[in-house]
Amino acid sequence: MIHPGAVLNNRYRLDKKIGEGGFAVVFLGQDLVLGRTVAVKLMDASLAGDKELLGRFQLEARAVAALDHPNILTVHDFGLLPDSAFLVMPYIGGGPLSARLRTERLSLEEIGRYLEQISSALDYAHRNGIVHRDVKPQNILLRNDGRAVLTDFGFAKLLVDANAEAQTRALGTVHYVAPEQIRGLVSAATDQYSLGILLYQMISNALPFNGTPQQILIGHVQQPPPSLASQPSMQGYSPEMIQKLDQVLARALAKAASARYPSCMALYNAYMEAIQPAVIYGGVAFEEKTVIDPRVAKSPAQGSQLQSVGQVNPQPQVQAAAPNYNQPVIPSARPVPVPAAPGGNDEATELYVPVIAGPQQQPQPKPVAPVLVQPARLTVRTEP
């Protein structure tokens, strides 16, 4: 058994375990030849006899070695041991995106930045004939400067044409798996679906489909994603903003792969267009075409009703800030028992889904507009 302190191939010293997945563990280590900190992904010794898993390790090394993109984690080295195999990669100190999502609520602009970077990485991989097949927050690492990098290509599928569906084994993580992936088909649109689930999660701090693994898969196959309005965390957003975001997510999460966006960057562009008013007005969008002039403004007692599109909670006696106009606008199958797979589980699952009744209707809460208690001191016009 390999433990901290061991040295692999007389070069890589393992200092401490920093992660663990379905068939591998990750150690923080040191490259004793080049004197740099690295991450060493070590295949579980108990699975070393599984030729398929060993093949995945080799596939990951070859797939990533062929890619050169700032948002894809590179591979320094690959090696075989008597009872295991390992990958050596750069160490990313910011941790996974999943850890940040557990502790923070991302702004719309931050979500846009992450979405752009991961979309660019995925489209680049797709142009090189590689489908990731396991896009999820655990597989997105954050550099100390905030940049995101896509990692863990262990489930990657090499295709002659990434835009054409290919038969494959049903692999992926239950909360992020695409409908066609459950049936053993993958294409570039498969990664876009998983990215759409991640986008839903980043916006609302919730996943669209929950329950047992079988219930989650039924949601992927047969149910539309619930409106963001059904998530308690979205109460500070305007109905118009939620409707636009729902439309973006509905297309990214379409059951038919052909109905999704033509690329992941097209999904990113649609998202940025949907949140454009929030970006332009610094988090506040106005419901009507209204000119607010301090010379004719209502008294503080009467107030002026504005609708928030972000996490904006106007407080008494706070003057509205001037907007920054220079900011850039940014089929059925027989049911099979399914093992438990909670949200943090990284293991792949092969699953088949039974037919159930039609989609559930989600309640639409009536929004309540906040009230400014001081006259606005800006002249603002909104465009259609």
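Quick rundown of the values:
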| read-out | value |
| --- | --- |
| Length released on extending from R127 to S107, taking residue separation times 0.36 nm less the Cα-Cα span | 4.2 nm |
| Global geometry of segment 167-268, whether rounded, prolate or oblate, following the gyration tensor of its Cα atoms and the 1.5 cut on a/c | oblate |
| Ordering of 228-236, 23-31 by packing [mean C-beta count within 10 Å, highest first] | 23-31, 228-236 |
| Residue order for H3, H69, H220 - accessible surface, 1.4 angstrom probe, largest first | H3, H69, H220 |
| Environment charge at L267 (Cβ cut-off 13 Å; Lys +1, Arg +1, Asp -1, Glu -1) | -2 |
| For A85, distant residues with modelled amide H under 5 Å away | M43 |
| log₁₀ of I(q)/I(0) at q = 0.14, 0.15, 0.23, 0.24 Å⁻¹ - segment 67-159, Debye sum with one point per alpha carbon | -0.54, -0.62, -1.26, -1.33 |
| Förster radius 41 Å - calculated FRET efficiency between H3 and S258, Cβ distance, rounded to 0.05 | 0.25 |
| Stokes-Einstein D in µm²/s, Kirkwood radius over Cα pairs - segment 1-84 at 4 °C with 1.567 mPa s viscosity | 96 µm²/s |
| Simple label model, 7 Å out from Cα along Cβ direction - S46 to A65, nm | 3.0 nm |
| Translational diffusion of segment 109-152, µm² s⁻¹ [Kirkwood Rh, Cα pairs; Stokes-Einstein; 37 °C; 0.692 mPa s] | 301 µm²/s |
| Nearest-0.05 FRET efficiency for Q243 and L81, computed from C-beta distance (R0 45 Å) | 0.25 |
| Segment 1-77, accessible surface, carbon-and-sulfur percent (1.4 angstrom probe) | 50 percent |
| Shape of segment 203-258, Cα gyration tensor, a/c cut at 1.5 | oblate |
| Inter-label distance, nm, simple model (7 Å from Cα along the C-beta direction), I18/R147 | 1.7 nm |
| Using a Förster distance of 22 Å, the FRET efficiency for R11-T37 (Cβ separation, nearest 0.05) | 0.95 |
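The values are calculated or read from the model by the stated rules, or taken from the named source; none is laboratory data. For clarity, every value in this text was computed on a predicted model and none was experimentally measured. Cβ atoms come from the backbone with ideal geometry, glycine included; neighbour counts cover every protein chain shown. Surface areas here come from the heavy atoms of the whole protein model, side chains and all, with no ligands, DNA or RNA. Shrake-Rupley method; radii C 1.70, N 1.55, O 1.52, S 1.80 Å.
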